[in-house]
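A short reminder: the numbers here are calculations on the coordinates, not readings from a lab. Since the model is a prediction, treat every value here as computed from it, not as a measurement. Neighbour counts are summed over all protein chains in view; Cβ atoms, including those assigned to glycine, are modelled from backbone coordinates with ideal geometry.
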C-alpha cells in the first residue's frame, strides 16, 4: 500500500487499467481505479479530491460488494491521511483478488461516516 499523490488510472507498466468509479460529495469527489493482470485484480487506487472545507482526516479503501453495492466482505482501509481543500488524498493497494464487484470507500475518522463510489466490476 502506498500513500501520496497519484492517479486512479496509474497501473504501471505490467498491469492494465480496467475501469473506474466515482462518488460525488458536497465538498469533493471520491474516485477509484482498478488495475488487472493475470486474470486477477492486482491494484486498486483510491483518491479523494477535496474541493472545499476544512482539513479532514480520512481513511481510503475498498470493499467487495454485490451488484447493488452492499458489502459482502469487510472493508479494507489504509492508514489515515489528511485531506485539505484544493488537494488530493491518495492511496494505492497492491493485491491479488478474484474478479467481482468492488467500490472505493472513504471513512471520515472524526464523524465515522463512510462514503462510497458506484460499483465497478462483473458481479
If I model a spin label at residue 29 and residue 52 as a point 7 Å from the Cα along the Cα→Cβ vector, what separation in nanometres do I get?
1.7 nm
Order of 50-61, 106-117 by packing, highest average Cβ count within 10 Å first?
50-61, 106-117
Treating each Cα of the chain as an identical point scatterer and ignoring solvent, apply the Debye formula and state log10 I(q)/I(0) at q = 0.16, 0.23 Å⁻¹.
-0.68, -1.37
Relative contact order for region 2-121: what percent, with Cα pairs under 8 Å and sequence separation of 6 or more?
29 percent
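Is region 1-73 best put as rounded, prolate or oblate by its Cα gyration tensor, with a ≥ b ≥ c the root eigenvalues, rounded for a/c under 1.5, and otherwise prolate when a/b is larger than b/c, oblate when not?
On the way: a/c = 2.17, a/b = 1.38, b/c = 1.57.
Because a/c hits 1.5 or more and a/b fails to exceed b/c, region 1-73 counts as oblate.
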Quote to one decimal, in nm, the extra length available between residue 14 and residue 70 on full extension: 0.36 nm per residue of separation minus the C-alpha distance between them.
17.1 nm
Highest first, please rank the peptides 32-38, 70-76 by the mean number of other Cβ atoms sitting within 10 Å of their residues.
32-38, 70-76
Would you please classify the overall shape of region 29-69 from the alpha carbon gyration tensor, given that a ≥ b ≥ c denote the square roots of the eigenvalues, rounded means a/c under 1.5, and beyond that prolate means a/b larger than b/c while oblate covers the rest?
prolate
Nitroxide proxy distance, nm - points 7 Å out along Cα→Cβ at residue 38 and residue 82:
3.9 nm
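Which order, highest average first, do 82-92, 14-24 follow once you tally other Cβ atoms within 10 Å for each residue and take the mean per peptide? Before the final figure, lay out the partial values.
Details: 82-92: 18.3, 14-24: 15.4.
Most protected by this proxy first, the peptides run 82-92, 14-24.
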